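First the structure, in the form of structure tokens, and then the observations on it.
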Amino acid sequence: MGSLLSFLKQHPIQQFKKNRRFYLRYDAFYLLLSAIAVVTMIATRYRSVCACVEWKPWHFALGFPAILYFLICAHLWIHNATHGNFPRSVNRLIGEVLGVIVFVRYASWDIVHMRHHRFSDDSTKDPHPTFPSYWKSFLYSIIYVERQLQQQYCDVWGDTEDNRRYERLRAKISYGTNVVLALAWYLFLGPVAFFAFWLPCNLIAAAFVGHFNWSTHNGASGGDFRPVNLNHGYFWLGNKVFTGIYFHANHHKRPNLFNPARWDPKFGPEEPCVDAPKGDATPTFTA
């Protein structure tokens, strides 16, 4: 029990740096867990948690925005878990549970995000590269996350052909885990809840998080991709409903703040908010 509690109090990035097989075993654990869930539901002829629901239009009208809001918050809470902003006794547990719900799993969030802070806006090492186009930045982030996970392994354990081959194997297991995890969610929720709520809300939540990262790294500037604070237009509303997420320059200075909008003068001077471009309060979405 003591070793389990010690395990749960550590961040995945710490275990990743201590054990060269950590991430492979981590993925294999979730692959096995997801496979057991799938086999159990099929063997017991489980009918899904929503099998008895008679779907009405108001279910979609009320349920979709509520679930979308929760999934966006789940990403933000995982973000806080990566910085240890929950009590240590439950920080890892919160990250793991929410990581399964938003599909990416906590270790991926933790390792990738720590690399982002270390190499913020380095075009070759940042897992979230920033371009003037939001959509280009979002699509490249999807590609770069796996690439930078592999590079992080080589940075820690040596950039050798054997390690690169090992990471390619680990990546295949990781993708396989995603497939089985998605199947488990499909069987658990049922086709309507899965395709009408879980899948689209997760995709939109991921796009929202991508936009948050893009906009708060001054993406629309076309060149100066430093972390910035935003609090104008709908960014002001986003700060109110999502615990100050657009105060990203503050976050890079003090990652341990759950709400980076709540800046204490004892931390030093606060970065000023970046105003909207003159005559235009919205960012561009050029392809």
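What follows draws every value from the coordinates through simple rules; no lab data is involved. Nothing here was measured: the structure is a model prediction, and the numbers come from that model. Glycine also receives a Cβ, built like all others from the backbone with ideal geometry; neighbour counts cover every protein chain displayed.
Here are the numbers:
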quantity: Pairwise FRET efficiency - residue 21 versus residue 159, Cβ, R0 = 22 Å, nearest 0.05; calculated: 0.80
quantity: Sorted by Cβ neighbour density within 10 Å, fewest at the top, the residues 232, 252; calculated: 232, 252
quantity: Calculated FRET efficiency for the pair residue 62/residue 42, C-beta based, R₀ 41 Å, to 0.05; calculated: 0.85
quantity: Ascending count of other beta-carbon atoms within 10 Å, so fewest first, for 98, 68; calculated: 68, 98
quantity: Additional length obtainable on full extension of the chain from residue 93 to residue 35, 0.36 nm per residue less Cα span; calculated: 18.8 nm
quantity: For the chain, built as a Gaussian network whose Cα springs stay under 10 Å, the top-fluctuating residue of 202, 163, 19; calculated: 19
quantity: Residue exposure sequence - 257, 183 - by fewest surrounding Cβ within 10 Å; calculated: 183, 257
quantity: Listed residue pairs exceeding 24 Å between alpha carbons, taken from 18/253; 17/136; 17/172; 125/266; calculated: 18/253; 17/136; 125/266
quantity: Electrostatic dipole magnitude of region 131-287 [Cβ: Lys, Arg +1; Asp, Glu -1; Cα centre; debye, to 20]; calculated: 200
quantity: Choice from 200, 57, 129 with maximal GNM fluctuation in the chain (Cα, 10 Å cutoff); calculated: 57
quantity: Cα-centred dipole magnitude for the chain, charges only on beta-carbon of K, R (+1) and D, E (-1), debye, nearest 20; calculated: 800
quantity: Extension gain, residue 49 back to residue 199 (0.36 nm per residue minus Cα-Cα distance, nm); calculated: 52.4 nm
quantity: R0 of 22 Å, Cβ-Cβ distance residue 136-residue 275: FRET efficiency to nearest 0.05; calculated: 0.35
quantity: Summed residue charge, Cβ within 14 Å of residue 85's Cβ, Lys/Arg positive, Asp/Glu negative; calculated: +3
quantity: Residue of 138, 70, 195 that the Gaussian network model of the chain assigns the largest fluctuation, springs spanning Cα pairs under 10 Å; calculated: 195
quantity: Point-charge dipole on Cβ atoms (K/R +1, D/E -1) for region 1-144, about Cα centre, debye to 20; calculated: 480
quantity: Computed [θ] at 222 nm, deg cm²/dmol, the chain (DSSP H ≥ 4; -39,500 (n - 2.57); rounded to nearest 500); calculated: -20000 deg cm²/dmol
quantity: Label-point separation, residue 85 to residue 232 (7 Å along Cα→Cβ), nm; calculated: 2.5
quantity: Net charge contributed by nearby residues that have their C-beta within less than 13 Å of residue 106 (K/R +1, D/E -1); calculated: -1
quantity: Region 138-287 - Rg over Rh from alpha carbon coordinates, Kirkwood radius; calculated: 1.05
quantity: Rel. contact order, % - alpha carbon contacts under 8 angstrom, at least six apart, region 98-144; calculated: 21
quantity: Around residue 188: net Lys/Arg minus Asp/Glu count, Cβ-Cβ under 15 Å; calculated: +2
